[in-house]
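Everything below concerns the one structure shown next.
The values are calculated or read from the model by the stated rules, or taken from the named source; none is laboratory data. Worth saying up front: this structure is predicted, and the values here are computed from it rather than measured. Note that we place each Cβ from the backbone using ideal geometry, even for glycine, and neighbour counts take in every protein chain shown.
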Amino acid sequence: MSALVVAVDGPAGSGKSSVSRAAARKLGFDYQDTGAAYRALAWFALERGIDTEDADAVSALLPQFTYRLGVDPDNYFVRVGETDVETAIREPRVSAVVSHIARVLPVRAHLVELFRRTIAATTKPGIITEGRDITTVVSPDAQVRILLTASEEARMGRRAAEVSGQSAEDVAKQLTARDAQDSRVIDFMNAADGVITIDSTQLNFDETIQAMVDLVHRTTG
């Protein structure tokens with residue numbers, strides 16, 4: 001039997017990554033963080049002194065970009081070549097330019113194929129894949145399609161709590177700018193047809209995980 005695919009979209013600070021990973025653990029599924037790939041490529045470009053706003057220069061990096069992601073939620077890692085970049089890709093300098101990377105169409109096409117191959121390769125009963133255009137582009141035929149969202153105030157508060165070394169004001173500005181830049185490429189704030197919304201504004205972390213797990217159980221019977 002083929003694996004159950006759960007596609008999760010949502011804006012920055014909505015809890016997509018942490019909630020999806022925890023839900024995958026609870027369900028016994030694999031977990032794919034697609035945002036890590038864009039961040040890893042942004043890190044790769046910065047390390048090589050590439051102008052991240054130069055779409056051609058960024059696209060030219062793709063043949064050299066050897067990316068690996070740990071999809072077991074209990075053995076998560078992000079590597080470029082042999083370098084562990086799990087921490088480095090969350091640095092402010094990467095966050096500041098990842099939208100430049102994400103809107104390069106050859107990059108999106110290349111990574112979408114990578115994401116689909118990862119989904120197809122899972123050996124677990126299911127896989128939760130989360131990001132920005134998962135329910136509409138990467139896996140529009142997923143058996144479970146979710147938009148995980150929250151109010152702007154809640155998202156900013158959560159992101160500020162996650163990030164060290166930056167003021168709440170700087171984090172808020174960065175999150176707002178990221179949403180504005182990414183919205184030029186994809187609509188991640190509104191649920192497409194057939195996508196179920198989970199609004200976590202009034203939910204704590206554990207309640208949001210349970211809401212996702214319950215939705216998977218209800219949808220699959």
Q | Filtered residue count, the range 195-218, keeping only those that are surrounded by 12 or more Cβ atoms within 10 Å (Cβ to Cβ) and part of a loop (DSSP other than H, G, I, E, B) | A | 4
(Q) Can you tell me how many residues within the range 1-13 are of a type in the set (A, V, I, L, M), within 9 Å of the chain's Cα centre (by Cα) and outside any strand (DSSP E or B)? (A) 1
Q) With (1) of a type in the set (Gly, Ala, Ser); (2) modelled with pLDDT under 95; (3) closer than 30 Å to Asp141 by Cβ as the list, and Ser95 as the residue in question, which single condition is left unmet? A) (3)
**Q.** Residue in the range 81-96 that is surrounded by fewer than 19 Cβ atoms within 10 Å (Cβ to Cβ) and within 20 Å of Ser2 (Cα to Cα) present
**A.** no
Q.
For the range 57-73, check the following and say yes or no: at least one residue is under 12 Å from His100 (Cα atoms) and in contact with a helix residue (DSSP H, G or I) (Cβ under 7 Å, 6 or more places away or on another chain).
A. yes
Q.
For the range 143-152, check the following and say yes or no: at least one residue is under 17 Å from the mean Cα position of the chain (by Cα), buried (at least 19 other Cβ atoms within 10 Å of the Cβ), farther than 26 Å from Gly28 by Cβ and at pLDDT below 80.
A. no
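When you look at Val19, is it farther than 18 Å from Ala109 by Cα, of a type in the set (Val, Ile, Thr) and in a strand (DSSP E or B), yes or no?
So Val19 fails the test.
Let's see how each residue does on (1) out of contact with any helix residue (DSSP H, G or I) (no Cβ under 7 Å at 6 or more places or on another chain); (2) at pLDDT 90 or above:
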position: Thr122; (1), (2): yes, yes
position: Glu130; (1), (2): no, yes
position: Arg178; (1), (2): no, no
position: Gln181; (1), (2): no, no
position: Met189; (1), (2): yes, no
position: Asp206; (1), (2): yes, yes
position: His217; (1), (2): yes, yes
position: Gly221; (1), (2): yes, no
Q.
For Ser14, only one of the following conditions fails: (1) in contact with a Leu (Cβ under 8 Å, 6 or more places away or on another chain); (2) modelled with pLDDT of 95 or more. What is its number?
A. (2)
**Q.** Leading residue by the ranking (surrounded by the most Cβ atoms within 10 Å (Cβ to Cβ)) among those in the range 1-18 that are closer than 15 Å to Ala120 by Cβ and small (Gly, Ala, Ser)
**A.** Ala7
Q: Mind counting the residues in the range 17-53 that are closer than 17 Å to Val94 by Cβ and not polar (S, T, N, Q)?
A: 19
Q: Give the range 14-44 a look and list any residue that's small (Gly, Ala, Ser), under 19 Å from the mean Cα position of the chain (by Cα) and over 24 Å from Ala150 (Cα atoms), or say none.
A: Ala40, Ala42
Q: Name every residue in the range 19-47 that is exposed (fewer than 15 other Cβ atoms within 10 Å of the Cβ) and in contact (Cβ under 8 Å) with a residue 40 or more places away in the chain, in order of residue number.
A: Lys26, Gly28
(Q) Exactly one of these conditions fails for Ile50: (1) buried (at least 24 other Cβ atoms within 10 Å of the Cβ); (2) assigned to a loop (DSSP other than H, G, I, E, B); (3) modelled with pLDDT of 95 or more; (4) not acidic (Asp, Glu). Give me its number. (A) (1)
